[in-house]
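The values are calculated or read from the model by the stated rules, or taken from the named source; none is laboratory data. These numbers come from a predicted model, not from an experiment. Cβ placement follows ideal geometry from the backbone for every residue including glycine, while neighbour counts extend to all protein chains displayed.
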Amino acid sequence: MQQQYPSRLLERSVQEFAKLPGVGRKTALRLVLHLLRQQDSVVEQLADALTTMKHEVKFCRVCHNISDEEVCPICSDARRDGSIICVVENIQDVMAIENTLQFSGLYHVLGGVISPMDGIGPSDLELDSLVQRVAEGNIKEVVLALSPTMEGDTTNFYIFRKLASFDVKISIIARGVAVGNELEYTDEVTLGRSILNRTPFEGK
């Protein structure tokens, strides 16, 4: 039976919240009713924060991480080891690895993984810019830190082939991360050890 709402405006707001990942209609209704009980200033601050983020947030022109500036704080930090690039699927993975405090190099955010089933091919990802960064000659190691799924492994192999002609070490995080798991949900200790104990990528 479809939920009946006492207000069309309430229903519209619930429908919009329910579009968020992991938010069902019941949770959406609870969130909307919570906001409805707040002072106008609280709701306006939330709306302003979301609107400002959408219009002003940038993607780092070097690594494609989210940033407030053209170059993100990680890429512009002179204390980071610029000879190592850690390749990840998304921004959440950067945050997860940073939380381990075990990696001091730079990142490259692909924006996804190769997934023919979902219609995602190499041209849909930030792969050409990764090759360009390696081609510039300052990179000594590329760490493949994609989720250990079939799509992640396919992308790893594709990157390995694209970088095979360069004089660069290609390694992969240790498989302490369970096969099939998403990287961002892996606990920090396991993820940190996987970064530290990375192994050469054999391309098999």
Next on the checklist: Between 156, 138, which is assigned to a loop (DSSP other than H, G, I, E, B) and touching a strand residue (DSSP E or B) at 6+ places or on another chain (Cβ under 8 Å)?
Outcome noted: 138
Item to check | Options 79, 61, 8; residue that is under 30 Å from residue 140 (Cα atoms), loosely packed, with under 13 Cβ neighbours inside 10 Å and of a type outside the set (Gly, Ala, Ser) | outcome: 79
Item to check | Selection count, the stretch 74-107, where residues are of a type in the set (Ser, Thr, Tyr) and touching a Lys or Arg at 6+ places or on another chain (Cβ under 7 Å) | outcome: 2
Checklist entry - Which residue pairs have Cβ atoms closer than 7 Å, lie 6 or more positions apart in sequence or on different chains, and pair a first residue in the stretch 60-85 that is of a type in the set (Ser, Thr, Tyr) with a second residue that is crowded, with 18+ Cβ neighbours inside 10 Å? => result 67/60; 83/139
Item to check | Residue within the stretch 106-124 that is more than 22 Å from residue 172 (Cβ to Cβ) and touching a residue at least 24 places away in the same chain (Cβ under 8 Å) present | outcome: no
Item to check | Members of the stretch 170-204 found to be at pLDDT below 90 and among the small types (Gly, Ala, Ser), listed by number | outcome: 174, 176, 178, 180, 192, 194, 203
Checklist entry - Looking at the stretch 14-126, what helices (runs of 4 or more DSSP H) fall wholly within it and have at least 2 residues that are more than 25 Å from residue 154 (Cβ to Cβ) and under 20 Å from the mean Cα position of the chain (by Cα)? => result 40-56, 91-100
Checklist outcome for this item: Out of (1) among the hydrophobic types (A, V, I, L, M, F, W, C); (2) over 18 Å from residue 62 (Cβ atoms); (3) at pLDDT 85 or above, the one residue 139 does not meet is (2)
Checklist entry - What about residue 74, is it at pLDDT 95 or above, in contact with a helix residue (DSSP H, G or I) (Cβ under 9 Å, 6 or more places away or on another chain), aliphatic (A, V, I, L, M) and not assigned by TED's automatic domain parsing to the domain that holds residue 135? => result yes
Checklist entry - Which of the residues spanning the stretch 7-39 are closer than 19 Å to residue 50 by Cα and among the charged types (D, E, K, R)? => result 12, 16, 19
Checklist outcome for this item: Of the residues in the stretch 82-126 that are more than 23 Å from residue 57 (Cβ to Cβ) and among the hydrophobic types (A, V, I, L, M, F, W, C), the one that is surrounded by the fewest Cβ atoms within 10 Å (Cβ to Cβ) is 117
Checklist outcome for this item: Across (1) under 20 Å from residue 97 (Cα atoms); (2) modelled with pLDDT of 90 or more; (3) of a type outside the set (Lys, Arg), residue 167 clears everything bar (1)
